[in-house]
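One structure below.
The values are calculated or read from the model by the stated rules, or taken from the named source; none is laboratory data. None of these values were measured; they are calculated from a predicted model. Reconstructed Cβ throughout: ideal geometry from the backbone, glycine too, with neighbour counts over all protein chains shown.
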Amino acid sequence: MLRSFIPSVIALLKLDCACLSAVEIIKEFNKHFNVSNARCPCGAKGCLSLLKQTYTHNLVDYIDGKLQEATVEIRQVFCSKCCGTHSVLPDIFIPHKSYSIVFIIKFLKAYTFRRGETVEAICKRFGISTSTYCAWKTRYISHMQLYLDKIQKYLLKKDPYLTGSNDNDASLSNFLCKFLERFGFSFMQYKNLKTTHNGGAPESAAFIGV
């Protein structure tokens, strides 16, 4: 059974991602998702229908200085054109991962503008390993350089999403959708990973949504 990911423009929901937990975001997303406006990975539009069956996905968030872990329900759609079953995820979620883009941005912001706090201490506060921190930092910078067509050093301290100069849902959502459309994989996603989610499609099957 094919499973891919339909990113949605979360900004259209007018959600404050900095104040909401990942669970709250996906609940609001599910309430507002319009299947008639979504496009299937096969390219067809207007051929999707919501299915009754769902599956669960584990999410980790950082709200009010505390880690929060929860299980959320992921909805699915069926395409009458390609006969595929596809998962429906907001664009802030990274396929196959328990951390959202919002969580990673919060962590990188804490790391970039730390004041006397060690990297180890920040990692402990966010519940991640130093190796994960290194991987996130490297991938964030490399994906930003890829998107901006820059080969020179990318400075996190000047990043608009970390400094707050571009700290709004509309801007972030627009960037995430453009990145996916341009490169065919999600921002911060392991583009070469061959593993699947719940026995479904490989990560490279991420596609443009509504």
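Suppose we keep only residues that are of a type in the set (A, V, I, L, M) and assigned to a loop (DSSP other than H, G, I, E, B) within the range 90-141. Which one would you say is farthest from the chain's Cα centre (by Cα)? Reasoning before the result, please.
Our first condition is that a residue be of a type in the set (A, V, I, L, M); within the range 90-141, this holds for 92, 94, 101-102, 104-105, 108, 110, 119, 121-122, 128, 135, 141.
Going one step further and asking which of them are assigned to a loop (DSSP other than H, G, I, E, B), we end up with 92, 94, 128.
Details: Ile92: 3, Ile94: 4, Ile128: 17 Å.
This residue is Ile128.
If you go through the range 8-17 one residue at a time, do you hit one that is surrounded by fewer than 17 Cβ atoms within 10 Å (Cβ to Cβ) and either modelled with pLDDT of 80 or more or at positive phi (or both)? Yes; the residues of the range 8-17 include at least one that is surrounded by fewer than 17 Cβ atoms within 10 Å (Cβ to Cβ) and either modelled with pLDDT of 80 or more or at positive phi (or both). Among the criteria (1) modelled with pLDDT under 85; (2) crowded, with 16+ Cβ neighbours inside 10 Å; (3) of a type in the set (Lys, Arg), the one Lys27 does not fulfil is (2).
Exactly one residue out of Tyr111, Tyr99, Tyr133 is in contact with a strand residue (DSSP E or B) (Cβ under 6 Å, 6 or more places away or on another chain) and at negative phi, and it is Tyr99.
Among the residues making up the range 43-63, a single one is within 17 Å of Ile101 (Cα to Cα) and modelled with pLDDT under 85: Ile63. Considering each residue of the range 172-181 in turn, at least one proves to be more than 30 Å from Gln53 (Cβ to Cβ), at pLDDT below 80 and assigned to a helix (DSSP H, G or I).
Yes or no, residue by residue, for (1) free of Cβ contacts under 8 Å to residues at least 12 places away in the same chain; (2) touching a Cys at 6+ places or on another chain (Cβ under 8 Å); (3) exposed (fewer than 14 other Cβ atoms within 10 Å of the Cβ):
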{"residue": "Ser87", "(1), (2), (3)": "no, no, no"}
{"residue": "Asp91", "(1), (2), (3)": "no, yes, no"}
{"residue": "Ile94", "(1), (2), (3)": "no, no, no"}
{"residue": "Val102", "(1), (2), (3)": "no, yes, no"}
{"residue": "Lys109", "(1), (2), (3)": "no, no, no"}
{"residue": "Ile122", "(1), (2), (3)": "no, no, no"}
{"residue": "Ile128", "(1), (2), (3)": "no, no, no"}
{"residue": "Lys158", "(1), (2), (3)": "yes, no, yes"}
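Flag set for Leu59, criterion: touching a helix residue (DSSP H, G or I) at 6+ places or on another chain (Cβ under 6 Å), over 14 Å from His86 (Cβ atoms) and of a type outside the set (Ser, Thr, Tyr).
Can you confirm whether Leu193 is part of a helix (DSSP H, G or I) and either at pLDDT below 85 or surrounded by 14 or more Cβ atoms within 10 Å (Cβ to Cβ) (or both)? Answer is no for this residue.
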